[in-house]
Amino acid sequence: MWLRTGCIMTFELSIETPFILMLRPRSGVEQWVSRESYTVKPSVPVVEFTDNYGNLCQRLIAPSGDFSIHTSSDILTAEDIDVCAGAPFENIEYLPDNVLTYLLPTRYCESDRFVDLAREIVGDAKPGYDQVSEIVLWIQKNIRFNSNSTHFQLSAVEVNQQREGVCRELAHLGIALCRGLCIPARMVVGYLHGLEPMDFHAWFEAYVGGQWYTFDPTQKQPKGGRVRVAYGRDATDVAIFNQFGPAVLALNMSVSVEILDKAPD
């Protein structure tokens with residue numbers, strides 16, 4: 001399916017402010033970017049680099065006063081996500097080198113504190129994909145997804161205590177539980193067609209059966225129509241923007257995802 005994604009962010013800055021942005025989806029096995037626009041107003045020099053996880057990042061210094069960022073992309077992506085019940089657990093000694101980092105505890109995914117709970121949740125499920133499916137079902141039954149949650153930037157331990165959170169928090173818990181079973185898991189941030197309310201979305205992927213599979217505790221059924229913008233160990237690695245200096249929040253942020261009737265010209 002062809003999707004057109006868009007994002008508009010506006011800021012009011014008291015001083016010149018360095019930013020690192022992560023707003024450009026990249027083409028790969030799961031998606032193809034056929035058109036893209038990226039505008040900052042007022043226009044300033046932008047330098048792009050690729051981080052340790054392959055994400056496209058943009059560095060700039062925004063001037064004081066009003067500053068805005070407008071992005072738009074036309075992307076071919078799958079209508080459905082791969083589902084593979086029974087995909088086996090991958091022994092650690094056979095994992096690709098670049099997957100190993102997704103086994104370790106991180107700031108928001110304290111997997112070393114979830115070993116016992118993870119084992120309790122999965123029970124006798126076959127090691128691998130089926131265990132991750134049990135984790136997702138447990139999160140859906142026990143943790144309330146609340147897009148208006150007042151809890152902010154919770155770690156896996158904290159969201160398990162609060163019993164509610166936004167998509168980011170549910171992903172953190174899923175990742176920590178997977179890693180507690182020695183299943184590599186990583187966070188993904190991007191767009192999801194049909195998300196209500198529309199915003200940037202977060203989910204997680206688990207590495208089983210020799211590949212990454214998508215899991216989303218906020219959705220009752222496996223759902224495609226996803227555009228991946230950034231991958232990382234947890235929310236620390238996938239922030240759509242980081243600014244340095246006096247703290248600022250976006251005055252306005254608008255996110256849109258629409259289906260295109262045909263491939264763009």
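Nothing in this text is a laboratory measurement; each read-out follows from the coordinates by a stated rule. These numbers were taken from a predicted model, which means no experiment stands behind them. Counting neighbours? That spans all protein chains shown, and the Cβs are built from the backbone with ideal geometry, glycine included.
Using the average count of surrounding beta-carbon atoms within 10 Å as a protection proxy, the listed peptides 154-164, 61-71 rank, highest first, as 154-164, 61-71. Under 5 Å between amide hydrogens, built in the peptide plane, is the criterion, and for LEU13 it picks out GLY65, ASP66, PHE67 among residues at least 5 positions away or on other chains. The calculated FRET efficiency for the pair THR236 and PHE49, based on their C-beta separation and a Förster distance of 25 Å, comes to about 0.90.
Semi-axis lengths, largest first, of the ellipsoid equivalent to the stretch 92-221 are 22, 16, 14 Å, with √(5λ) applied to each eigenvalue of the Cα gyration tensor. Between ILE61 and ASN148, the simple label model (points 7 Å from Cα in the Cβ direction) yields a spacing of 4.2 nm. Just to confirm the number: angle between the C-alpha axis of helix 167-180 and the first principal axis of the chain, 0 to 90 degrees, nearest 10? Roughly 40 degrees between the two axes. Of the chymotrypsin sites (Phe, Trp or Tyr not before Pro) in the stretch 106-183, the ones in a loop by DSSP (not H, G, I, E or B) with at most 11 other beta carbons within 10 Å are PHE152.
Working ranking of peptides 180-186, 88-94 by packing, defined as the average number of other Cβ atoms within 10 Å per residue, highest first, is 180-186, 88-94.
Proximity of backbone amide H atoms, modeled 1.01 Å from N, is registered between GLU164 and ARG144 at under 5 Å, excluding neighbours fewer than 5 places apart on the same chain. In the chain, the DSSP-assigned H stretches of four residues or longer account for a calculated mean residue ellipticity at 222 nm of -5000 deg cm²/dmol, using -39500 (n - 2.57) per stretch and the full residue count as denominator.
On the basis of the beta-carbon distance and an R0 of 45 Å, VAL157 and ALA263 show a calculated FRET efficiency of 0.50. Relative to the longest principal Cα axis of the chain, at what angle does helix 129-142 sit, 0 to 90 degrees, rounded to 10? The two axes meet at around 70 degrees. Protection proxy ranking, highest mean first, for peptides 200-206, 79-85, 44-50, 2-8: 200-206, 2-8, 79-85, 44-50, where packing is the per-residue count of other beta-carbon atoms within 10 Å, averaged. Looking only at the chain, where both bridge partners belong to it, what percent of the DSSP beta bridges are antiparallel (to the nearest 5)? So the antiparallel bridges amount to about 95 percent of the total.
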